[in-house]
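Please read the structure below before turning to the comments.
The values are calculated or read from the model by the stated rules, or taken from the named source; none is laboratory data. Quantities reported herein were computed from a predicted structural model and do not represent experimental measurements. Please note: Cβ atoms are built from the backbone with ideal geometry, for glycine as well, and neighbour counts cover all protein chains shown.
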Amino acid sequence: MWQWFFRLGSPKWFYEMSGKWLPWLLVLMTVLMSVGILWALLFVPQDYQQGDTIRIMYVHVPVASISLACFPLMAVAGVITLVWKMKLADMVAKCAAPIGAWFTAVALATGAIWGQPIWGTWWAWDARLTSMLIQFFLLIGVIALRSAIESPDAAAKACALLAIVGAINVPIIKYSVEWWNTLHQPSSDFSMDENSAFGPEIWVPLVIMIFAVYIFFVISLILSTRNEILQRERRSQWVVDIVAKEQV
Amino acid sequence: MSDTANTVNISQPQGRAPLAQVSTFSAFKATLKRDLLIALKRRNDLLNPLMFFLIVVSLFPLGVSSDPQELTRIAAGAVWVSALLASMLSLDNLFRADYEDGSLEQLLLSPQPLYFMVLAKNISHWLISGLPVVLLSPLLAYMLYLPADAYWTLVLTLLLGTPVLSLFGAIGVALTVGLGSRGLILAVIVLPLTVPVLIIGAKAVVDASLGVPLGMHYALLGALLALSLSLAPLASAAALKISVN
């Protein structure tokens with residue numbers, strides 16, 4: 001029953017299978033992203049309050065939602081690393097950290113660009129912004145720990161543990177920041193919950209963009225993990241064969 | 001010399017009883033006593049966090065303003081942030097000396113549950129570096145013109161909050177104990193984790209001076225303390241095993 005699970009953990013199996021998935025994922029992402037972007041930029045009606053500015057939502061919301069998924073992903077990979085000592089899980093966790101940090105940074109940057117015309121400021125200590133910023137710090141911490149520990153094995157376990165501790169903390173941080181924020185200042189009039197009131201001409205392209213960016217994240221993660229596999233398994237025969245073949 | 005003597009004391013308490021027969025509680029007490037003794041013999045380790053706390057707090061008037069009204073506004077946050085930084089700075093002592101002289105390995109090899117051994121080290125560390133900061137805080141709060149109604153809240157929130165900082169910090173120290181340059185990476189790892197404590201603690205002190213009821217603040221801090229008391233030593237123990245191997 002567990003056989004598929006352990007086969008999934010074999011770097012060689014993953015390298016071969018992901019090589020087959022990549023072209024399909026690329027095609028799917030290109031189609032979804034071009035449809036989503038064109039729809040969002042050209043055909044979505046202007047917002048009655050925000051005008052054309054609303055269109056940045058189609059980048060900001062997908063990126064932000066994926067950056068939130070990054071810590072749980074790393075924590076799950078961490079549990080797999082610690083419990084089953086699966087090398088692949090650690091490679092994925094290692095590659096997910098910088099990608100997640102980039103997504104968080106992009107979410108913060110697009111949020112600032114969106115906030116400038118709407119709130120009149122690039123930065124506000126809003127609950128969502130603040131907890132995003134702290135999540136960014138947490139990811140930087142994991143990356144820093146990884147680069148500080150020389151032995152890859154110890155680094156894998158240490159980062160797995162830190163990711164789990166961080167994942168337990170992320171909701172606590174999120175709720176404490178929200179609690180702090182609602183008491184400090186009236187919460188901003190901007191809320192994503194209003195989405196539910198939007199018509200389908202607004203949210204359908206948003207859903208398309210979320211899927212497109214999700215696939216983009218998966219592709220980045222797979223590409224980065226494949227590099228990591230080649231680097232770590234460089235002494236095994238199948239990697240030597242692949243490199244020899246590519247050079248011809 | 002005293003280090004080795006005390007290490008022997010842990011592994012062979014009460015004459016020559018076999019190690020596995022030593023009860024968890026007496027091993028806990030022995031670890032606690034040993035750490036307290038070592039700390040009492042190193043006066044600097046006792047004094048440095050306090051001095052650091054004092055200096056950082058006195059930087060705020062110099063950097064912000066000497067105007068009592070402005071200082072009153074920032075007092076709660078300034079004292080809390082300084083306490084946070086002081087506890088971060090003192091964390092480095094937590095496992096390092098034990099790591100360097102090998103007694104940490106003895107601790108990991110002992111048959112008693114590592115959770116309690118780590119908890120004992122955490123408690124003694126907090127008694128030595130956290131409690132003095134808490135006791136000194138009213139004086140510094142006075143220097144920053146904190147309203148008088150908030151003094152007890154400040155002491156109580158620090159009393160509940162600084163152990164959480166020590167417990168969280170211990171995880172970071174345990175993860176980085178084997179590394180050459182730890183200072184900054186420790187702060188980068190641990191500081192984001194301490195955000196909830198800072199938020200609730202500082203907010204409680206501000207609210208106390210405004211006359212807001214504080215039940216929820218204490219409940220939240222207590223919940224964080226209970227959570228970190230039960231889980232953080234487990235994480236530290238696991239991290240120590242990773243670092244020492």
Given (1) touching a residue at least 40 places away in the same chain (Cβ under 8 Å); (2) over 23 Å from A:Leu145 (Cα atoms); (3) in contact with a helix residue (DSSP H, G or I) (Cβ under 7 Å, 6 or more places away or on another chain), identify the lone condition not met by A:Thr121.
(1)
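Can you tell which of A:Val218, A:Val243 is modelled with pLDDT under 85 and in a helix (DSSP H, G or I)?
A:Val243
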Restricted to segment A:114-149 and to residues being farther than 15 Å from A:Asn169 by Cβ and of a type in the set (Val, Ile, Thr), the residue surrounded by the fewest Cβ atoms within 10 Å (Cβ to Cβ) is A:Thr121
Please determine, by comparing only the residues of segment A:165-181 that are more than 8 Å from chain B (Cβ to nearest Cβ) and among the aliphatic types (A, V, I, L, M), which one is nearest to B:Met216 (Cα to Cα).
A:Val170
From the option list A:Ile134, A:Ile118, single residue qualifying as within 20 Å of the chain's Cα centre (by Cα) and part of a helix (DSSP H, G or I) is A:Ile134
Being among the basic types (Lys, Arg) and on the phi > 0 side of the Ramachandran plot is true for just one of A:Lys20, A:Lys85, A:Lys94. Which residue is that?
A:Lys85
Right, B:Asn44: of a type outside the set (A, V, I, L, M, F, W, C), surrounded by fewer than 16 Cβ atoms within 10 Å (Cβ to Cβ), in a helix (DSSP H, G or I) and at pLDDT below 80 or not?
yes
Please indicate, with yes or no, whether at least one residue in segment B:79-98 is loosely packed, with under 14 Cβ neighbours inside 10 Å and modelled with pLDDT of 85 or more.
no
Out of (1) over 22 Å from A:Ala144 (Cβ atoms); (2) at pLDDT below 90, what's the single condition that is false for B:Ser181?
(1)
Filter result (within 20 Å of the chain's Cα centre (by Cα) and of a type in the set (S, T, N, Q)) within segment B:103-157
B:Asn122, B:Ser124, B:Ser129, B:Ser137, B:Thr153, B:Thr157
Matching helices (runs of 4 or more DSSP H) fully within segment A:1-102 where at least 1 residues are more than 27 Å from A:Val239 (Cα to Cα):
A:11-38, A:57-84
I'm trying to understand the selection: among the residues of segment A:150-161, which are facing chain B (nearest Cβ under 7 Å), crowded, with 22+ Cβ neighbours inside 10 Å and out of contact with any Leu (no Cβ under 6 Å at 6 or more places or on another chain)?
A:Lys157, A:Leu161
